[in-house]
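*Asks:* Below is a structure I'd like to ask you about.
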Amino acid sequence: MEKWFNVGKIVNTHGIKGEVRVISKTDFADERYRVGNDLYLFLPEQKEPLHVVVKSHRTHKQFDLLEFEGYSDVNLVERFKNAIIKVPEEQLTDLNDGEYYFHQIIGCTVITDTGDEIGKITEILTPGANDVWVIKGKNGKEILIPYIDDIVKQINIEEKMITIEVMEGLL
């Protein structure tokens, strides 16, 4: 079974030449939307994804504007509104040491450096200077952990285990 990863959402059309406005969910927009790249649109009423090829990419305000090969008219892309843009797992880029995709972190169990289990990561927030991991504690309470070196001591993706050092006031 194919594993898909969300890179953006088409929120509207732009102009009359077939461009669409995309709110990106990727840190690699220039790479993902490079001319000639394959993308897959998951339309609300369709079971199978629609394969498209990037014809052009530019940014405008907070949006990525994309045009797809064979879709050079607004009437052809109108139906793409609300489509989720995804790529298959084999299109994911290798990351540098110490860098992780969200899907690798979400679901990991977090333990303290003394071995106490805190809970599982359910979400990652990106508010600014550093990411914040949302952990559902064993008691059901949400715990927010900043992803900084002073706190996160070890990440083991294979075992889905993350070790943190608990600083005063963190829990």
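The values are calculated or read from the model by the stated rules, or taken from the named source; none is laboratory data. Small disclaimer: the values here were computed from a predicted structure and weren't measured. Counting neighbours? That spans all protein chains shown, and the Cβs are built from the backbone with ideal geometry, glycine included.
*Asks:* So is Ile121 more than 30 Å from Leu65 (Cα to Cα), under 17 Å from the mean Cα position of the chain (by Cα) and either of a type in the set (Val, Ile, Thr) or modelled with pLDDT under 85 (or both) or not? Lay out the reasoning, then the answer.
*Replies:* Numbers: more than 30 Å from Leu65 (Cα to Cα): yes; under 17 Å from the mean Cα position of the chain (by Cα): yes; either of a type in the set (Val, Ile, Thr) or modelled with pLDDT under 85 (or both): yes.
So Ile121 passes the test.
*Asks:* Something else: Count, please, the residues in the stretch 55-112 that happen to be in a helix (DSSP H, G or I) and among the aromatic types (Phe, Trp, Tyr). Break it down stepwise before answering.
*Replies:* Restricting attention to the stretch 55-112, the residues satisfying the condition of being in a helix (DSSP H, G or I) are 74-80, 89-91, 102-105.
The next check asks that each one be among the aromatic types (Phe, Trp, Tyr); those that pass are 80, 102.
Residues flagged as in a helix (DSSP H, G or I) and among the aromatic types (Phe, Trp, Tyr) within the stretch 55-112 amount to 2.
*Asks:* Residues to consider are Tyr71, Tyr100; find the one that is of a type in the set (Phe, Trp, Tyr), surrounded by 11 or more Cβ atoms within 10 Å (Cβ to Cβ) and farther than 30 Å from Ile155 by Cα.
*Replies:* Just one listed residue meets the conditions, Tyr71.
*Asks:* Given the conditions (1) among the small types (Gly, Ala, Ser); (2) surrounded by 14 or more Cβ atoms within 10 Å (Cβ to Cβ); (3) under 20 Å from Thr26 (Cα atoms), which single one is not true for Gly107?
*Replies:* Going through the list (1) among the small types (Gly, Ala, Ser); (2) surrounded by 14 or more Cβ atoms within 10 Å (Cβ to Cβ); (3) under 20 Å from Thr26 (Cα atoms), Gly107 breaks only (2).
*Asks:* Select, from Lys17, Lys9, the only residue that is of a type in the set (D, E, K, R) and over 17 Å from Asn82 (Cα atoms).
*Replies:* Matching residue, one of Lys17, Lys9: Lys17.
*Asks:* Could you tell me how many of the residues in the stretch 131-169 are loosely packed, with under 15 Cβ neighbours inside 10 Å, in a loop (DSSP other than H, G, I, E, B) and under 21 Å from the mean Cα position of the chain (by Cα)?
*Replies:* Applying the first criterion (loosely packed, with under 15 Cβ neighbours inside 10 Å) to the stretch 131-169 yields 137-142, 144, 148-150, 153-154, 156-159, 161, 165-169.
Subset that is in a loop (DSSP other than H, G, I, E, B): 138-141, 148-150, 157-159, 165-169.
Next, only the ones that are under 21 Å from the mean Cα position of the chain (by Cα) stay: 148, 157-158.
Total meeting the criteria: 3.
*Asks:* Next question. Output the qualifying pairs, or none if there are none: Cβ atoms under 8 angstrom, residues six or more apart or on different chains, first residue in the stretch 81-97 and over 13 Å from Asp38 (Cβ atoms), second residue in a strand (DSSP E or B) and among the polar types (S, T, N, Q).
*Replies:* Lys81/Asn12; Lys81/Thr13; Ile84/Asn6
*Asks:* Sticking with this structure for a sec: Do we find that Ala83 is within 27 Å of Glu31 (Cβ to Cβ), of a type in the set (Gly, Ala, Ser) and touching a strand residue (DSSP E or B) at 6+ places or on another chain (Cβ under 8 Å) in this structure?
*Replies:* Against the criterion (within 27 Å of Glu31 (Cβ to Cβ), of a type in the set (Gly, Ala, Ser) and touching a strand residue (DSSP E or B) at 6+ places or on another chain (Cβ under 8 Å)), Ala83 qualifies.
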